[in-house]
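Working notes, structure below.
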Amino acid sequence: MAYGKLKTDLQHLISELKTHGQYKHERILTTPQSARIGVKDGESALNFCANNYLGISNNPEVIKAAKNAMDKWGYGCASVRFICGTQEIHTQLEEAVSEFLGMEDTILYAACFDANGGVFEPLLDEDCALISDELNHASIIDGIRLCKAKRYRYKHGNMAELEAALRDSQSNKYRLICTDGVFSMDGDMAKLPEICDLADRYEALVLVDDSHATGYIGKTGRGTPEHFGVTERIDIITTTFGKALGGGNGGCTSGRKEIIELLRQKSRPYLFSNTLAPAIVGATLKVIEMLSDSCELRDKVWENAVYFRKAMIAAGFDIVEGNTAIVPVMLHDKPHALKMADMLLKEGVYVIGFVYPIVPKGKARIRVQISAAHSREDLDFTIEAFTRIGKELNLI
Ligand SMILES: *Cc1c(COP(=O)(O)O)cnc(C)c1O
């Protein structure tokens, strides 16, 4: 029995994870995703750890659009796009996303993880180079692994190191700088104006993964390129429909026409994986329509985030500076991040503590994610709970 030996090894690995506090337990929700969620045992909690920035993951209009799309287009297509998996709504969504993001064309994927997995290899070969921020999302890292281009990595947000990589890689045919638009752990934004300036100076292309930004960053929610006013300088945007844009599934790559055209011919997660289900497509179309008509939700999450940040700083907490809906409450090397998260949950506030190795040593934190669905009372309740427990633990 080959499995006997593997089984013992796996049991050992699993118990090691538990010993080191690295074993992930999944909390089971008994309600839809929302500002307030039910958890097992009948408790309920205010939810401050979802990527539901615009608060529309349980929006009746969005659900109705998903149902309508299912009624009209069926449950699934049972095919990849290039065989018989392209319905009119798929091309409509691609056009709507292109228009929303201000890009020439868009290609859909089952997830942004797949978009990133399939974007590099068709475009770049061993005579090219990829230059990546060290804190980029796992799916960018995996996408880069699947590609033969030379790899350069710069320290998070360090423009001198990025420039050094651009100087070192000058003999390559093409260079592509890739960065998250908003970084999920610190909630900070990539320095897109500087990145674009360097890209111009050294003739490199720029890819932004705007998964934590699309829908709510920028004056009208178009993301970090809009926020910085550099949209036409970005060659490729990858993003997800699974966060602010409704929180279902799906993602895309948006960008220059020929790039998207080639991806449609060569990108493996597109060619060899099922088309997006009609319900997701219909709902995402609705979300884009809603966001194009009104900035109300985007303004609300922004206002909420500013309010929460200010109040937490006033209460004495160490908050990472930033202007997104990700608000990290830093506890540094204090052993309290996990304990504090547990205590907050008992008070009815669901947040997650992050400790090493998810974040660097000495950078333990509680990450708070603000949503447009939170009311002022929700925010005040949470600030009050943080303050009380923070005092109890001698953190403030
Ligand atoms: C969440 C996230 C992804 C993955 O998106 P999915 O659509 O859930 O696969 C990719 N990149 C970044 C930066 C993300 O934050």
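Annotations
- Area accessible to solvent at MET185, 1.4 Å probe radius, in Å²: 50 Å²
- Per residue of the chain, the DSSP helices (runs of n ≥ 4 H) give a summed -39500 (n - 2.57) that works out to -12500 deg cm²/dmol at 222 nm.
- Probing with 1.4 Å while keeping every protein chain in the model, the per residue accessible area of region 71-227 equals 43 Å².
- Cα centroid separation, region 142-189 to region 23-42 (Å): 37 Å
- Whole-percent carbon and sulfur share, accessible surface of the chain, 1.4 Å: 52 percent
- Point-to-point label distance, GLU61-ARG233, nm (Cα→Cβ direction, 7 Å offset): 3.4 nm
- Cα shape, region 1-90, gyration tensor, a/c 1.5 rule: oblate
- Per-pair calculated FRET efficiency, R0 = 25 Å: VAL39 and ARG388 via Cβ, rounded to 0.05: 0.75
- Gap separating the Cα centres of region 328-396 and region 261-322, nearest whole Å: 23 Å
- Distance (nanometres) between label positions extended 7 Å along Cα→Cβ at MET1 and THR31: 4.6 nm
- Filter on LYS64/LYS286; LYS150/LYS173; LYS40/LYS67; LYS243/LYS310; LYS24/LYS243 - keep pairs with C-alpha separation over 18 Å: LYS40/LYS67; LYS243/LYS310; LYS24/LYS243
- Highest-fluctuation residue, ARG36, ARG222, ARG367 considered, GNM on the chain with Cα pairs under 10 Å: ARG36
- Area projected by the alpha carbon convex hull of region 60-293, averaged over all directions, nm²: 11.7 nm²
- Taking GluC sites (Glu not before Pro) across region 302-396, the ones in a DSSP loop with at most 14 further Cβ atoms lying within 10 angstrom of their Cβ are GLU321.
- Chain lengthening between GLN11 and GLU104 when straightened (0.36 nm per residue, less Cα-Cα): 28.4 nm
- Dipole axis of the chain (+1 Lys, Arg; -1 Asp, Glu on Cβ), positive-most option in LEU345, GLY251, ILE236: LEU345
- Within-12-Å neighbourhood charge of PRO60 [Cβ basis; K, R +1; D, E -1]: +2
- Local net charge near ASN136, Cβ-Cβ under 15 Å (Lys/Arg +1, Asp/Glu -1): -4
- Computed E for GLU296/GLU321 - FRET, C-beta separation, R0 22 angstrom, nearest 0.05: 0.25
- Using a Gaussian network model of the chain in which every pair of alpha carbons under 10 angstrom is joined by a spring, one finds that among PHE228, PHE241, PHE113 the greatest mean-square fluctuation is at PHE228.
- For the chain, the gyration tensor built on C-alpha atoms gives a rounded shape. Its axis ratio a/c (a ≥ b ≥ c) stays under 1.5.
- FRET efficiency estimate (nearest 0.05) - Cβ-Cβ, TYR356 to ASP125, R0 45 angstrom: 0.75
- Charge tally for PHE228 (other residues, Cβ to Cβ under 12 Å; Lys, Arg +1; Asp, Glu -1): -1.
- Of the GluC sites (Glu not before Pro) found in region 125-221, those in coil by DSSP whose Cβ has at most 12 other Cβ atoms within 10 Å are GLU126, GLU134, GLU203.
- Theoretical gain in end-to-end length, LYS310 to GLU377 [0.36 nm per residue, Cα-Cα removed]: 22.6 nm
The values are calculated or read from the model by the stated rules, or taken from the named source; none is laboratory data. Everything numeric here is computed off the predicted structure, so don't read it as measured data. So basically every Cβ, Gly included, is an ideal-geometry build from the backbone, and we count neighbours across all protein chains shown. In case anyone asks, the SASA skips ligands and DNA or RNA and just uses the protein heavy atoms, side chains included. Shrake-Rupley method; radii C 1.70, N 1.55, O 1.52, S 1.80 Å.
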